[in-house]
Amino acid sequence: MQAHNLQIARRNLHLCRFCGICRDAVSCPTEPGSVDCTGCGACHLACPYEAIEILPREQAHERMRLIKVIIDGEIFFVPERITVSDALAFAGYQVSDPCGVGGCFACALVIGGETKPACVTAVAEGMKIDTMTKPEPLRVVSGFAPHVVGGVGTPHTLKNYTRPVEVACFLHGCNYRCPQCQNHVMAFTGGVPMTPKSVAGILIGIAEAYHVGRVAFSGGEATLNREFLIKVIKLLRTRDSDLRIHVDTNGSLLTTDYIDELVDAGMTDIGIDLKALSPDTFTKITAVSEDRERFLKISWDAVKYILDNHDIFVGIGIPYNRALMPMEEIRAMGEKIAQISKDVQVCLLDYRAAFRRRDLVLPTVAEMAEAKEALNSVGLRNVIAQTVEGHIGP
Ligand code: SF4
Ligand code: SF4
Ligand code: FES
C-alpha cells in the first residue's frame, strides 16, 4: 500500500479576502488548517483568491494512523483523515471524480447506508463503503429562475430581454478549471443534492407560472453525472410532451452514445461551448492539460455528429476576450465550423473579469463586432455576439 495522497489544506491569510466561499459554499466537514482536514482540495478549487494551498501532510507534521474500513464486505486498513475516493484508491479501486468538489455526485456511492460523494466524504473507523449498489442519481442544483435571454442553445430569435424565454437551473460541479469561470460558485461548490424528480417538479412549476415552454440546464457542467441528467430529462418529457428541453454544455463528454441517449430522452436544444481550436489556447482557457486533446476532439466531434444525425436545435458558443484567444484562432474556428455547417447558430460570448481572472477587460461592442465579422467572413451566416449592450444579431 502506498501513501500517495496524504494532504492537508492551509489558508494563506495574506491572500484571503474573507469572501466566505470556503466556509459557506464548499462541502467540507471542517476548515482549512484543521487537524480533521482530508486534503480533498474542494476549498482550494473554490477559492477565487487562490488563498488555499494543499500541502503534503508530512509538511504539516501530522502523524497518521491506520483505520479500518469495509469496502464491499472486505476489510481494508487505510490512513485516517482521507477521503473515501482516496481510500478506494489505496485499496486498489479505479476512482473517477470529475468535479472533485461534491457538486456533480458522479462519484456518489452508498457510504454508511447513505448516498454521499466519495470525493469530499471523509473516511471513518468502521465505515462501510458499497461500490456495488447503484444509488439513486442525485445532484446539487441551484439558481432555478426564469431568464429573458437564455443560453448558447437558445435560438437568437427568442432572445428578447423583456419577458422570460426559458426557466433555467444550474448543475453544480465541472470537469474544467477555467480561471475566468463565468459561473464559478456553481462550478466549484457542492451542497445538498436533489433528486431528478424534485428538479423536474420545480422546473415545470416555474415554467407554468411564467407561461414559458422551455427549460434549460446549465452549470457547472450539465453533462457530468449522466444518469441524473437522463433521468431528469425523461421525467420532464413524461410530464410535458411539448416542452423544449435545452442543455448547455462544454461538450467534452458528449460521445455519440451519450448524445443519442439525450435526444431519445427528450432533449430538443443543445448549446455547446467550443472553448478553442488549439490545445494551447484550450489549456489557457480551461486550465485542463492532461485530457485536453481528448476533450477538444470529443466536443468538436459532438457538434458534427449532432448536426449530421439529429434534428434538434444546435447553438455553438465561442468565448471571446483578446487576452484569451487571438483573432486568427476565432477565424480558424469559424472555418472549421463552416465546414460542418454554414447555418448553425454561433454565439460569441464576451468573457468578463471573473473568478481568478479579475484582470480581464470586458470586450467592447466594437471588439465583439470585429470577432463576429471574422466569423462571417469565413462563410458563417448565423453569428450572434453577446455584448455589454445586448446581442448583435446575425
Ligand atoms: S474562499 Fe479563499 S478568499 Fe474566500 S474566505 Fe476562503 S480562503 Fe478566504
Ligand atoms: S474542503 Fe477539503 S481540503 Fe478544504 S478544508 Fe475541507 S476537508 Fe480540507
Ligand atoms: S466528483 Fe465527487 S461530486 Fe463530482
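The values are calculated or read from the model by the stated rules, or taken from the named source; none is laboratory data. On a predicted model such as this, the values are computed, not experimentally measured, just so you know. A quick note on method: Cβ atoms are made from the backbone with ideal geometry, for glycine too, and the neighbour counts reach across all protein chains shown.
Given the conditions (1) of a type in the set (A, V, I, L, M, F, W, C); (2) modelled with pLDDT of 95 or more; (3) more than 26 Å from ARG356 (Cα to Cα), report the number of the one that LEU6 does not fulfil.
(2)
Please indicate, with yes or no, whether at least one residue in segment 72-89 is of a type in the set (S, T, N, Q), more than 16 Å from ligand 1 (Cβ to nearest atom), at pLDDT 95 or above and on the phi < 0 side of the Ramachandran plot. Lay out the reasoning, then the answer.
So the first thing to find is which residues in segment 72-89 are of a type in the set (S, T, N, Q), and the list is 83, 85.
If we keep only those that are more than 16 Å from ligand 1 (Cβ to nearest atom) too, we end up with 83, 85.
Then drop every residue that is not at pLDDT 95 or above, which leaves 83, 85.
Keeping just the survivors that are on the phi < 0 side of the Ramachandran plot gives 83, 85.
Within segment 72-89 (the criterion being of a type in the set (S, T, N, Q), more than 16 Å from ligand 1 (Cβ to nearest atom), at pLDDT 95 or above and on the phi < 0 side of the Ramachandran plot), the answer is yes, since at least one residue qualifies.
Table: residues versus (1) in contact with a strand residue (DSSP E or B) (Cβ under 8 Å, 6 or more places away or on another chain); (2) assigned to a helix (DSSP H, G or I); (3) among the β-branched types (Val, Ile, Thr).
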{"residue": "ASP280", "(1), (2), (3)": "no, yes, no"}
{"residue": "SER289", "(1), (2), (3)": "no, no, no"}
{"residue": "LEU324", "(1), (2), (3)": "no, no, no"}
{"residue": "VAL361", "(1), (2), (3)": "no, no, yes"}
{"residue": "LEU375", "(1), (2), (3)": "yes, yes, no"}
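Answer with yes or no whether LEU348 is outside any loop (DSSP other than H, G, I, E, B), within 23 Å of CYS178 (Cβ to Cβ), in contact with a Gly (Cβ under 7 Å, 6 or more places away or on another chain) and in contact (Cβ under 8 Å) with a residue 24 or more places away in the chain. Spell out the reasoning first.
On the way: outside any loop (DSSP other than H, G, I, E, B): yes; within 23 Å of CYS178 (Cβ to Cβ): yes; in contact with a Gly (Cβ under 7 Å, 6 or more places away or on another chain): no; in contact (Cβ under 8 Å) with a residue 24 or more places away in the chain: yes.
No.
Which members of segment 63-88 meet the condition of being of a type in the set (Gly, Ala, Ser) and within 16 Å of ligand 2 (Cβ to nearest atom)?
At the first step, the residues of segment 63-88 found to be of a type in the set (Gly, Ala, Ser) are 73, 85, 87.
Matches in segment 63-88: SER85, ALA87.
Which residue out of GLU221, GLU227, GLU208 is farther than 30 Å from THR115 by Cα and of a type in the set (Asp, Glu)?
Working: GLU221 fails: farther than 30 Å from THR115 by Cα; GLU227 fails: farther than 30 Å from THR115 by Cα.
The conditions single out GLU208.
It is to be established whether one or more residues within segment 63-83 are surrounded by 16 or more Cβ atoms within 10 Å (Cβ to Cβ), within 24 Å of the chain's Cα centre (by Cα), of a type in the set (A, V, I, L, M) and within 16 Å of ligand 3 (Cβ to nearest atom).
No; the residues of segment 63-83 include none that is surrounded by 16 or more Cβ atoms within 10 Å (Cβ to Cβ), within 24 Å of the chain's Cα centre (by Cα), of a type in the set (A, V, I, L, M) and within 16 Å of ligand 3 (Cβ to nearest atom).
Taking the stated definitions as given, is ALA209 closer than 26 Å to ILE316 by Cβ, among the small types (Gly, Ala, Ser) and modelled with pLDDT of 95 or more?
Working: closer than 26 Å to ILE316 by Cβ: no; among the small types (Gly, Ala, Ser): yes; modelled with pLDDT of 95 or more: yes.
For ALA209, the condition - closer than 26 Å to ILE316 by Cβ, among the small types (Gly, Ala, Ser) and modelled with pLDDT of 95 or more - is not met.
Is it the case, given these coordinates, that SER34 is more than 16 Å from ligand 1 (Cβ to nearest atom) and without any contact (Cβ under 8 Å) to a residue 12 or more places away in the chain? Reasoning before the result, please.
Details: more than 16 Å from ligand 1 (Cβ to nearest atom): no; without any contact (Cβ under 8 Å) to a residue 12 or more places away in the chain: yes.
It is false that SER34 is more than 16 Å from ligand 1 (Cβ to nearest atom) and without any contact (Cβ under 8 Å) to a residue 12 or more places away in the chain.
Kindly indicate the residue of segment 183-222 that is closer than 13 Å to LEU138 by Cα and not in a helix (DSSP H, G or I) and also farthest from ligand 3 (Cβ to nearest atom) among those meeting that condition.
Checking each candidate, the answer is THR195.
Looking at segment 137-181 only, could you name the residues that are within 19 Å of the chain's Cα centre (by Cα) and not in a loop (DSSP other than H, G, I, E, B)?
Start the filter on segment 137-181 by keeping residues that are within 19 Å of the chain's Cα centre (by Cα), which leaves 137-145, 150-154, 167-181.
Correct list: ARG139, VAL141, SER142, GLY143, PHE144, ALA145, VAL167, ALA168, CYS169, PHE170, LEU171.
Can you tell me which residue is farthest from the chain's Cα centre (by Cα) among those in segment 99-121 that are farther than 14 Å from PRO29 by Cβ and within 16 Å of ligand 1 (Cβ to nearest atom)?
GLY100
On the basis of being in contact with a strand residue (DSSP E or B) (Cβ under 6 Å, 6 or more places away or on another chain) and within 16 Å of ligand 2 (Cβ to nearest atom), does GLY112 make the cut? Before you say what the answer is, go through the steps one by one.
Values: in contact with a strand residue (DSSP E or B) (Cβ under 6 Å, 6 or more places away or on another chain): yes; within 16 Å of ligand 2 (Cβ to nearest atom): no.
No: the conditions fail for GLY112.
Quick check on ARG239: is it over 19 Å from VAL303 (Cα atoms) and either touching a strand residue (DSSP E or B) at 6+ places or on another chain (Cβ under 7 Å) or not aliphatic (A, V, I, L, M) (or both)? Working first, answer last.
Details: over 19 Å from VAL303 (Cα atoms): yes; either touching a strand residue (DSSP E or B) at 6+ places or on another chain (Cβ under 7 Å) or not aliphatic (A, V, I, L, M) (or both): yes.
Against the criterion (over 19 Å from VAL303 (Cα atoms) and either touching a strand residue (DSSP E or B) at 6+ places or on another chain (Cβ under 7 Å) or not aliphatic (A, V, I, L, M) (or both)), ARG239 qualifies.
Just to verify a result, which residue in segment 23-52, among those that are under 19 Å from the mean Cα position of the chain (by Cα) and of a type in the set (Gly, Ala, Ser), is nearest to GLN180 (Cα to Cα)?
ALA46
Rundown of residues vs (1) more than 17 Å from the chain's Cα centre (by Cα); (2) crowded, with 17+ Cβ neighbours inside 10 Å; (3) farther than 25 Å from ASP350 by Cα, yes/no style:
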site: ASP260; (1), (2), (3): yes, no, yes
site: ASP291; (1), (2), (3): no, no, yes
site: PHE295; (1), (2), (3): no, yes, no
site: VAL303; (1), (2), (3): yes, yes, no
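Would you check if there is a residue in segment 39-51 being in contact with a Leu (Cβ under 9 Å, 6 or more places away or on another chain), acidic (Asp, Glu) and away from ligand 3 (no atom under 16 Å from the Cβ)?
yes
Is it true that ILE330 is in a helix (DSSP H, G or I) and crowded, with 19+ Cβ neighbours inside 10 Å? Explain how you work it out, then say what you get.
Working: in a helix (DSSP H, G or I): yes; crowded, with 19+ Cβ neighbours inside 10 Å: yes.
Criteria met by ILE330.
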